[in-house]
Amino acid sequence: MQIYVDSANLDDIKHAASLGILSGVTTNPSLLAKEDPSVDVRERILEIHRIVGGHCSVEVVSTDKDGMLREADEILEWFPQATIKIPMIADGLAATSELAKRNVPVNMTLIFSATQALAANNAGAAYVSVFLGRLDDIATPGIDVISDTREIWEKQGLESKILAASLRHPLHLLQVAKAGAHIATTPYKVIIQSLKHPLTDAGLDKFLADYHKMQAEIAELRKQA
Ligand code: G3P
């Protein structure tokens with residue numbers, strides 16, 4: 001399963017990218033709105049793309065098909081490798097279908113059911129972003145939607161990538177990997193949390209302490225010789 005970072009924060013993205021485990025980045029208007037408004041959105045996106053290099057999803061904010069297509073063209077002028085993120089609404093499906101005919105990759109977002117995922121796939125989306133955390137927030141198991149989607153994909157031989165989004169903690173990461181998501185887009189904090197294990201830290205402390213103890217003993221023996 002590939003890992004993308006779900007962020008618009010340059011420091012977090014730089015650090016996550018430096019770990020060598022990232023295949024891409026997803027942004028959305030809410031993530032962009034958390035950052036310094038004095039940095040132009042286009043500049044920020046281009047910088048993010050420069051840092052990560054791989055997949056970079058940029059979301060449109062229009063809610064009508066023509067507006068979405070206009071925005072998609074603007075984003076593709078910024079950088080032609082962009083993946084256009086489009087919401088799962090009727091106009092979004094129509095815009096996705098047009099972009100797919102032009103071989104422009106679309107990440108269809110705000111998907112909360114397997115039937116929405118199927119529609120996004122059929123419209124030609126290259127990625128279907130299924131939101132987990134927001135379903136969990138309303139006492140509906142988000143992981144079931146990923147599992148159902150994966151089951152349908154296997155039975156029907158569908159090819160768009162299942163992108164697990166709205167992840168809140170490392171357990172989500174584990175669950176979506178087991179459920180067969182192709183990609184998980186993950187907040188920076190969750191990436192860092194998922195790498196930590198207290199036994200790794202304790203084990204390293206012990207290795208280093210033993211090494212330094214041995215070095216001290218060697219130095220002592222040399223002194224006595
Ligand atoms: O990028 C879409 C998604 O990952 C948002 O997550 O935490 O706002 O539900 P969240």
Next on the checklist: Taking the conditions exactly as written (farther than 23 Å from Leu31 by Cβ, of a type in the set (Val, Ile, Thr) and surrounded by fewer than 18 Cβ atoms within 10 Å (Cβ to Cβ)), does Thr140 satisfy them or not?
Outcome noted: yes
Checklist outcome for this item: Of those in segment 79-124 that are of a type in the set (Val, Ile, Thr) and open to solvent by 30 Å² or more (accessible area, probe 1.4 Å), the residue nearest to Ile51 (Cα to Cα) is Ile89
Checklist outcome for this item: Contact list, first residue from segment 192-221 and under 24 Å from Leu171 (Cβ atoms), second anywhere and modelled with pLDDT of 95 or more and part of a helix (DSSP H, G or I), beta-carbon distance below 7 Å, six or more apart or interchain, is Gln193/Pro170; Ser194/Pro170; Ser194/Leu173
Item to check | segment 97-114, residues that are more than 14 Å from the ligand (Cβ to nearest atom) and either touching a residue at least 60 places away in the same chain (Cβ under 8 Å) or within 26 Å of Pro187 (Cα to Cα) (or both) | outcome: Val104, Pro105, Val106, Ser113, Ala114
Checklist entry - Does Glu47 qualify as being open to solvent by 60 Å² or more (accessible area, probe 1.4 Å), more than 14 Å from the ligand (Cβ to nearest atom) and under 27 Å from Leu22 (Cβ atoms)? => result no
Next on the checklist: Out of everything in segment 26-44 that is within 10 Å of the ligand (Cβ to nearest atom) and not small (Gly, Ala, Ser), what residue ends up being most open to solvent (accessible area, probe 1.4 Å)?
Outcome noted: Pro29
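The values are calculated or read from the model by the stated rules, or taken from the named source; none is laboratory data. Being a predicted model, the structure only gives us computed values, none of them experimental. Cβ coordinates were reconstructed from backbone atoms using ideal geometry, including for glycine residues, and neighbour counts include every protein chain displayed. Only protein heavy atoms, including side chains, enter the accessible area calculation; ligands, DNA and RNA are left aside. Shrake-Rupley method; radii C 1.70, N 1.55, O 1.52, S 1.80 Å.
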